[in-house]
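The values are calculated or read from the model by the stated rules, or taken from the named source; none is laboratory data. As the structure is a prediction and not an experimental result, all values here were calculated from the model. Cβ placement follows ideal geometry from the backbone for every residue including glycine, while neighbour counts extend to all protein chains displayed. In case anyone asks, the SASA skips ligands and DNA or RNA and just uses the protein heavy atoms, side chains included. Shrake-Rupley method; radii C 1.70, N 1.55, O 1.52, S 1.80 Å.
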Amino acid sequence: MVGDVRLEQAVRDAVERAGRRPGLLVAGATDGTETAVAAAGPVPRPECPPERVVFEIGSVTKVFTALLLAIAVQRGEARLDDPVSEHLPDGSRVPRRGDAEITLLHLATHTSGLPRLPPGLLWHALRHRDDPYAALTPAGVLAALGSTRPRRAPGDRFRYSNFGAGVLGLALAQTAGVDYETLVRDRITRPLGMTDTVITLDSAQSSRLAPGTRRGGRQAGLWTIPGLAGAGALRSTVADLFTFLRAQLGLLPPHVPAELAAAIPTTHAERSRGGRLTPAMRVGLGWMLLPIGRGKLDMVWHNGGTGGYRSFVGWTPATHAAAVVLSSNTRGVDQLGSRVLLDLAATAEPLP
């Protein structure tokens with residue numbers, strides 16, 4: 001891929017900082033026009049460019065789910081303050097704590113009061129580490145929702161929740177009358193030209209999949225997440241995520257639907273705070289907003305992880321630079337991604 005010197009240096013440095021690790025690591029950076037990619041480790045096929053290797057992206061899926069909410073708002077299908085009960089199948093029970101109902105906004109900002117996982121799933125996951133979510137169907141998620149007692153009143157405090165993000169995905173799919181994967185394809189990935197961001201891999205994509213590995217190098221299989229797809233089921237590539245991040249920077253392909261173009265910037269606005277454990281962090285729709293480095297550079301970002309993969313996507317509005325780091329290993333990559341953005345900020349020219 002085309003790059004300039006500072007982008008190429010930033011991603012090369014990131015790969016060098018990562019050191020030796022099992023699996024494949026791909027780091028990429030873009031300023032919207034120029035791009036650069038560096039990689040270490042085996043690609044699935046010799047002819048496959050690193051930026052087209054497929055990885056699980058885990059919780060980066062959540063920013064797609066939140067964008068689907070913003071699109072639904074633009075289309076008049078939902079409002080942020082709608083109770084989620086209005087967007088679930090008839091008969092679904094949604095718990096309360098106090099007088100407040102759980103809204104779509106609460107789910108998108110991790111302020112619903114729901115626990116991180118549905119009740120009982122943690123123990124099941126510990127016994128089935130290779131594919132811990134496989135047995136949890138959409139019906140099972142809704143049944144678990146009905147029997148859950150929220151830890152906090154909705155809107156009271158940030159509490160990161162895969163459960164809540166998964167429920168949001170189910171609610172948006174129910175409202176649109178399609179399954180979650182179809183909704184992502186029809187409203188985000190197809191309009192943006194992201195052909196490799198999917199849940200269900202075709203044969204060509206499977207042949208470009210980087211096999212997941214655990215820290216010691218042992219192989220890790222793919223995760224199946226039917227009930228909580230909106231929380232972490234997507235797979236993607238550095239090339240596709242560059243396209244997604246360019247869209248966040250306002251660089252959209254021609255003929256993008258008006259509701260998508262209008263929805264994207266609304267996901268970046270601060271909606272809540274990170275709470276006692278992360279007081280400097282703010283929360284948008286899906287995105288996390290965090291000052292980094294000594295200069296407190298604002299970074300908009302999200303990360304993800306599954307049984308054999310780690311992911312980071314982020315950008316800095318002040319420098320119009322974005323970074324992606326994908327790894328087919330469970331060692332974290334957040335620091336690598338944020339360091340790329342700090343390195344680029346140090347050499348950036350002021351925006352006009």
Every pair of residues 6+ apart whose Cβ atoms lie under 8 Å, when the first sits in region 278-303 and is at positive phi and in contact (Cβ under 8 Å) with a residue 24 or more places away in the chain while the second is surrounded by 21 or more Cβ atoms within 10 Å (Cβ to Cβ) and of a type in the set (Lys, Arg): 286/62
Restricting to region 308-329, give me the number of residues that are open to solvent by 20 Å² or more (accessible area, probe 1.4 Å) and within 17 Å of the chain's Cα centre (by Cα). 1
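Can you tell me which residue within region 38-63, out of those that are assigned to a strand (DSSP E or B) and open to solvent by less than 20 Å² (accessible area, probe 1.4 Å), is farthest from residue 236 (Cα to Cα)?
Initially, region 38-63 is screened for residues assigned to a strand (DSSP E or B), giving 38-40, 54-56.
Now restrict to residues that are open to solvent by less than 20 Å² (accessible area, probe 1.4 Å): 38, 54-56.
Working: 38: 17, 54: 5, 55: 6, 56: 6 Å.
The qualifying residue farthest from residue 236 (Cα to Cα) is 38.
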Region 215-244, residues that are under 17 Å from residue 59 (Cα atoms), part of a helix (DSSP H, G or I) and touching an Asp or Glu at 6+ places or on another chain (Cβ under 6 Å): 238, 240
Selection from region 158-206 of residues that are of a type in the set (D, E, K, R), open to solvent by 20 Å² or more (accessible area, probe 1.4 Å) and under 23 Å from residue 248 (Cα atoms): 181, 185, 186, 187, 190
Would you be able to say whether some residue in region 321-340 is at pLDDT below 95, touching a strand residue (DSSP E or B) at 6+ places or on another chain (Cβ under 8 Å) and over 23 Å from residue 71 (Cβ atoms)? no
Just one listed residue, out of 106, 87, is over 18 Å from residue 303 (Cα atoms) and more than 21 Å from the chain's Cα centre (by Cα), and it is 87
Reported set for region 226-242 where residues are more than 14 Å from the chain's Cα centre (by Cα) and open to solvent by 10 Å² or more (accessible area, probe 1.4 Å) is 226, 239
Of the numbered conditions (1) in a strand (DSSP E or B); (2) over 19 Å from residue 27 (Cα atoms); (3) β-branched (Val, Ile, Thr), residue 300 fails exactly one; give the number of that condition. (2)
Restricted to region 276-290, and to residues that are in a loop (DSSP other than H, G, I, E, B) and in contact with a strand residue (DSSP E or B) (Cβ under 9 Å, 6 or more places away or on another chain), which residue is most open to solvent (accessible area, probe 1.4 Å)? 279
For the subset of region 124-136 comprising residues that are under 22 Å from the mean Cα position of the chain (by Cα) and open to solvent by less than 60 Å² (accessible area, probe 1.4 Å), which member is modelled with the lowest pLDDT? 125
If I ask for residues that are touching a residue at least 24 places away in the same chain (Cβ under 8 Å) and open to solvent by 40 Å² or more (accessible area, probe 1.4 Å), which ones from region 140-157 would you list? 147, 149, 151, 152, 155, 156, 157
If I filter region 196-214 down to residues being of a type in the set (A, V, I, L, M, F, W, C), touching a residue at least 12 places away in the same chain (Cβ under 8 Å) and not in a loop (DSSP other than H, G, I, E, B), which single residue comes out as nearest to residue 64 (Cα to Cα)? 198
Starting from region 173-189, keep only residues that are over 18 Å from residue 139 (Cβ atoms), then list their pairs with residues that are aromatic (Phe, Trp, Tyr) whose Cβ atoms are within a distance under 7 Å, requiring at least 6 positions of separation or different chains. 184/64; 188/64
Of the conditions (1) assigned to a helix (DSSP H, G or I); (2) at pLDDT below 95, residue 254 fails just one. Which one is it? (1)
